[in-house]
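**Student:** The structure's right below; bear with me while I get my questions together.
The values are calculated or read from the model by the stated rules, or taken from the named source; none is laboratory data. On a predicted model such as this, the values are computed, not experimentally measured, just so you know. Methodologically, a virtual Cβ is constructed for each residue, glycine included, from the backbone with ideal geometry; neighbour enumeration extends over all protein chains shown.
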């Protein structure tokens, strides 16, 4: 039987097929919900979001007669240089890519898994006044765009898809204590706030505070839906009651604890300046976003966390403490 050759599909056919497949893939990844909000494959579910209008404002604790009410701000930029890695020198020192998610850094420009006190003290910094401290937290990603690290450690290789966002503002601020004056932090003190395994291990270390720029006193552990013109924020408050002994501890938490609601510190601890980092992001209304996390945590908003290593000189720390205890508003110069 003679072989019959079918005519070759035209170039137009293949072009139309490619467009159809591309459209199918795109619609599989991004669709629009009934409210017009983008729905992205792998994005957090509706149960992980809260409308900021339903969140009650948080009341600050009453200030006692011995309160230290000053603040000391340090301008460290917004990580415009793109200092990022999947390391965590506080939690897993010496293990490259040990975080399994990507961190944003401001301050010390050398921080990675192999950093030491000596190497950090010799590095350059993005902070005003020469503060070589390192401040870092998991990146936030826009989920309707593909990230440059889609196949790399810390990014897509560990389940953290999306385009990394640079914060529109980063405020680093040290605050006083509502119950008493504060004492100096020791140099090389390491601090952790938040619980990176909150989605799978129940505990009391959850410190996630999601909010909206138009509502600075409202915080929730869920992702937020903000009103038009108001972007998401993250407020990272660190523990501020030090045991007076070491700069770290097994588990990285028992040497510095959180104060009680009224600001008083647990027995055998001393109040130090409380570090607060506030991150804000500009995003078009309805844009899906999520924080980086360990793969098994599935980008849960409760896992938000941050780390700090104090590299301030003794003189700089003394200046900070005087400012806070004298109830002044200061900025590092």
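**Student:** Evaluate region 40-61: report whether one residue or more is modelled with pLDDT under 95, outside any loop (DSSP other than H, G, I, E, B) and buried (at least 19 other Cβ atoms within 10 Å of the Cβ).
**Tutor:** yes
**Student:** Additional query: Any residue in region 116-129 that is farther than 25 Å from residue 285 by Cβ and in contact with a helix residue (DSSP H, G or I) (Cβ under 7 Å, 6 or more places away or on another chain)?
**Tutor:** yes
**Student:** Condition first: touching a helix residue (DSSP H, G or I) at 6+ places or on another chain (Cβ under 9 Å) and surrounded by fewer than 18 Cβ atoms within 10 Å (Cβ to Cβ). Now tell me which residues in region 78-97 satisfy that.
**Tutor:** Scanning region 78-97 gives a single hit, 91.
**Student:** Using beta carbons and a limit of 6 Å, which pairs, at least six apart or on different chains, have the first residue in region 305-330 and in contact (Cβ under 8 Å) with a residue 40 or more places away in the chain and at positive phi and the second one surrounded by 20 or more Cβ atoms within 10 Å (Cβ to Cβ) and assigned to a loop (DSSP other than H, G, I, E, B)?
**Tutor:** Hits for this filter: 327/70.
**Student:** Let me ask another. Count, please, the residues in region 139-159 that happen to be touching a residue at least 60 places away in the same chain (Cβ under 8 Å) and closer than 14 Å to residue 288 by Cβ.
**Tutor:** The number of residues fulfilling the criteria is 5.
**Student:** Would you mention how many residues in region 251-286 are at negative phi, under 21 Å from the mean Cα position of the chain (by Cα) and outside any loop (DSSP other than H, G, I, E, B)?
**Tutor:** The total comes to 9.
**Student:** Which of the residues that make up region 53-68 are more than 25 Å from the chain's Cα centre (by Cα) and in contact (Cβ under 8 Å) with a residue 12 or more places away in the chain?
**Tutor:** 62, 63, 64, 66, 67, 68, listed by residue number.
**Student:** Hey, another quick one. How many of the residues making up region 204-242 are assigned to a strand (DSSP E or B), surrounded by fewer than 18 Cβ atoms within 10 Å (Cβ to Cβ) and touching a residue at least 60 places away in the same chain (Cβ under 8 Å)?
**Tutor:** The qualifying residues number 2.
**Student:** Do any strands (runs of 3 or more DSSP E) entirely within region 121-186 hold 2 or more residues that are closer than 22 Å to residue 311 by Cβ and at pLDDT 95 or above, and if so, which?
**Tutor:** The qualifying strands (runs of 3 or more DSSP E) are 134-138, 169-175.
**Student:** Next question. Given the criterion closer than 27 Å to residue 96 by Cβ and out of contact with any helix residue (DSSP H, G or I) (no Cβ under 9 Å at 6 or more places or on another chain), identify the matching residue among 201, 192, 197.
**Tutor:** None of the other options fit; the residue is 201.
**Student:** Based on this model, can you work out whether residue 289 counts as surrounded by 15 or more Cβ atoms within 10 Å (Cβ to Cβ), at pLDDT 95 or above, under 20 Å from the mean Cα position of the chain (by Cα) and within 29 Å of residue 165 (Cα to Cα)?
**Tutor:** Yes.
**Student:** Among the candidates 106, 19, which residue alone is within 30 Å of residue 310 (Cβ to Cβ) and either crowded, with 17+ Cβ neighbours inside 10 Å or at pLDDT below 95 (or both)?
**Tutor:** Answer to the check: 106.
**Student:** I need the full set of residues from region 287-324 which are part of a helix (DSSP H, G or I), closer than 19 Å to residue 137 by Cα and in contact with a strand residue (DSSP E or B) (Cβ under 8 Å, 6 or more places away or on another chain), in order please.
**Tutor:** Listed by number, the residues that qualify are 301, 303.
**Student:** Another question, if that's okay. Going by the structure shown, is residue 300 at pLDDT 95 or above, closer than 17 Å to residue 90 by Cβ, buried (at least 23 other Cβ atoms within 10 Å of the Cβ) and under 15 Å from the mean Cα position of the chain (by Cα)?
**Tutor:** no
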